[in-house]
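Down below is the structure, laid out as structure tokens.
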Amino acid sequence: MITTKKLNRENLGLEAKLPIKIVQFGEGNFLRAFVGYAIQELNKKADFGAGIAVVQPIDRGLVKMLNDQDGLYTLFMKGVKKGKEIQDIELISNIVKGVDPYANFNDYLSLAKEEALEFIISNTTEAGISYVSSDTPEMQPPSSFPAKLTLLLHERFKHFNGDSSKGLTIIPCELINHNSETLKEIILQYISDWNLGDDFKSWILENNAFHSTLVDRIVPGYPKDEIEAYNAQLDYSDNLIVAAEAFLLWVIEGGDDLKAKLPFDKTDLDVKIVDDMQPYRTRKVRILNGAHTAMVPFSILYGNKTVKQSVDDAFTGPFIQKAVFNEIIDTLDMDRDELNSFADEIFDRFRNPFIIHNLSSIALNTVSKFTVRVLPSLLGYVKIHNKVPTHLTFAFASLIRFYKGTFNGEALPVQDSEDIVAHFAKIWESNNYAEITKAVLSHEEYWGEDLTQVENLTEAIALALKEIDTNGVEQGFANFSKSF
């Protein structure tokens with residue numbers, strides 16, 4: 001069905017906008033399908049009354065498109081649960097405004113003055129929670145998310161004269177361990193660097209709450225390959241449709257005070273507010289996210305386009321299975337049966353027939369993702385077995401080969417910061433696989449350590465790179481696996 005009806009509040013007869021209770025850093029597919037949906041459920045089931053102001057954290061983003069639709073967008077949730085197909089369509093209507101601090105910095109700072117504001121929620125990818133020494137308080141805006149947030153919090157502190165009741169609950173959703181503690185440390189560093197004062201520092205520490213999180217929902221995003229079928233189910237035109245699986249898990253560290261602030265117990269959502277989220281995090285990051293990140297470069301080089309193709313293929317499917325069940329799980333100090341059961345569920349989610357999850361859509365910032373999600377398993381395996389893991393090592397080599405940018409004459413969907421892309425381009429000017437490998441593995445800024453010190457890893461990856469280029473991914477792996 002072709003429709004020209006514009007998606008906005010007037011055309012849909014929606015109520016007046018909600019007060020801004022949440023400032024959300026990030027307007028991408030994941031936050032809109034995860035946090036946007038969760039807050040909508042709180043608004044419906046618990047009379048939460050929360051409007052969201054979305055901040056675009058980088059120079060290019062979707063804020064203009066969001067504002068053109070009055071913050072409205074459609075979420076399609078599809079999946080299989082206990083053998084039963086689940087398909088739901090939800091119009092998300094809690095975004096009050098979108099703010100681009102690069103276009104209007106004063107509009108951004110004005111969010112600090114919102115009386116009803118209680119929460120900061122973010123997901124700026126693993127690379128987002130980082131300290132950038134070149135950021136200054138005069139920049140409009142500074143480059144990093146923590147620096148932007150520091151200025152927003154300082155503006156709130158000044159506007160309300162340090163009122164203890166105007167502190168915020170800060171809930172970062174970036175997939176790094178201890179995400180809230182890391183964010184708080186960086187904010188305190190900026191306070192020191194910028195001489196923002198002890199009173200402001202005390203207000204941050206005493207009147208603002210930081211809660212670490214774990215988020216879990218597969219969000220393919222905009223269903224471009226099936227957009228006509230999706231549009232046919234709507235009586236309006238939506239440029240920001242987002243598709244997600246039905247599964248959702250949100251684990252937040254906190255106590256009774258946070259449970260009172262976020263009454264998710266009044267909803268049907270699987271949101272757990274717990275004292276310690278580490279067991280949930282380790283299991284999920286290593287298995288689900290680790291499998292995702294390990295498969296992306298490897299599977300794209302092989303020729304697959306989607307996650308489902310990757311796990312269904314006669315070659316890449318067993319490769320990913322063995323990486324998870326034989327190598328990743330082997331490094332986790334948890335009940336083996338529970339881990340195997342969890343992994344089985346993950347692969348069912350990967351095979352969701354309703355979701356087209358393009359590998360290119362999860363290729364963003366693969367270097368930083370690999371460091372967090374896969375490298376601990378690879379190094380853990382070496383520590384346990386005194387040898388490199390065959391599948392994870394080949395996946396690592398595939399990442400390095402992927403960052404060359406082209407393969408078999410075709411461009412690859414490399415998406416990372418300009419400096420990382422440029423660095424790999426420089427490294428790949430060499431025709432020597434040993435030199436390329438050493439240059440990458442020794443770059444401690446990427447991996448947190450000099451990986452050339454890991455026994456046999458440099459030799460293994462150099463061989464894998466040669467095999468990929470000489471014989472292709474499938475035959476190259478067959479040859480490589482005979483040696484390592």
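Among the strands (runs of 3 or more DSSP E) confined wholly to the stretch 1-95, which include 2 or more residues that are acidic (Asp, Glu)? Where strands (runs of 3 or more DSSP E) fall fully within the stretch 1-95 and carry at least 2 residues being acidic (Asp, Glu), they are 84-92. If the condition is being assigned to a loop (DSSP other than H, G, I, E, B) and within 18 Å of Arg349 (Cβ to Cβ), then the stretch 247-281 contributes Phe247, Leu248, Leu269, Asp270.
Take the conditions (1) in a helix (DSSP H, G or I); (2) over 14 Å from Val55 (Cα atoms); Leu149 misses just one of them, which is (2). Under the condition of being in a loop (DSSP other than H, G, I, E, B), more than 21 Å from the chain's Cα centre (by Cα) and small (Gly, Ala, Ser), which residue from the stretch 96-127 is farthest from Cys173 (Cα to Cα)? Taking the candidates together, the pick is Ala103.
Being loosely packed, with under 13 Cβ neighbours inside 10 Å and in a helix (DSSP H, G or I) narrows it down to one of Lys426, Lys438, so name that one.
On the way: Lys438 fails: loosely packed, with under 13 Cβ neighbours inside 10 Å.
Sole residue among the options that is loosely packed, with under 13 Cβ neighbours inside 10 Å and in a helix (DSSP H, G or I): Lys426.
Here the condition is being among the β-branched types (Val, Ile, Thr) and assigned by TED's automatic domain parsing to the domain that holds Gly36; of Thr267, Thr316, it holds for Thr267 alone. The C-beta contact set for the stretch 134-154 (first residue free of Cβ contacts under 8 Å to residues at least 12 places away in the same chain, second residue of a type in the set (Lys, Arg) and in a helix (DSSP H, G or I), distance under 8 angstrom, 6+ apart or interchain) comprises Pro142/Lys148. Confirm whether Ser368 is part of a helix (DSSP H, G or I) and either polar (S, T, N, Q) or touching a strand residue (DSSP E or B) at 6+ places or on another chain (Cβ under 8 Å) (or both). Yes: the conditions hold for Ser368.
For first residues located in the stretch 186-197 and in the same structural domain as Pro137 (by TED's automatic domain parsing), partners that are assigned to a helix (DSSP H, G or I) and among the β-branched types (Val, Ile, Thr) and lie 6+ apart or on another chain with Cβ distances below 6 Å form the pairs Ile187/Thr150; Tyr190/Thr150. Among the residues of the stretch 451-469, is there at least one that is surrounded by fewer than 21 Cβ atoms within 10 Å (Cβ to Cβ) and small (Gly, Ala, Ser)? Checking the stretch 451-469: at least one residue is surrounded by fewer than 21 Cβ atoms within 10 Å (Cβ to Cβ) and small (Gly, Ala, Ser). Ile355 meets the conditions (1) at pLDDT 90 or above; (2) buried (at least 23 other Cβ atoms within 10 Å of the Cβ); (3) of a type in the set (Val, Ile, Thr) in every case but one. The failed one is (1).
The values are calculated or read from the model by the stated rules, or taken from the named source; none is laboratory data. Predicted, not measured: the structure shown is a model, and the values here were computed from it. Reconstructed Cβ throughout: ideal geometry from the backbone, glycine too, with neighbour counts over all protein chains shown.
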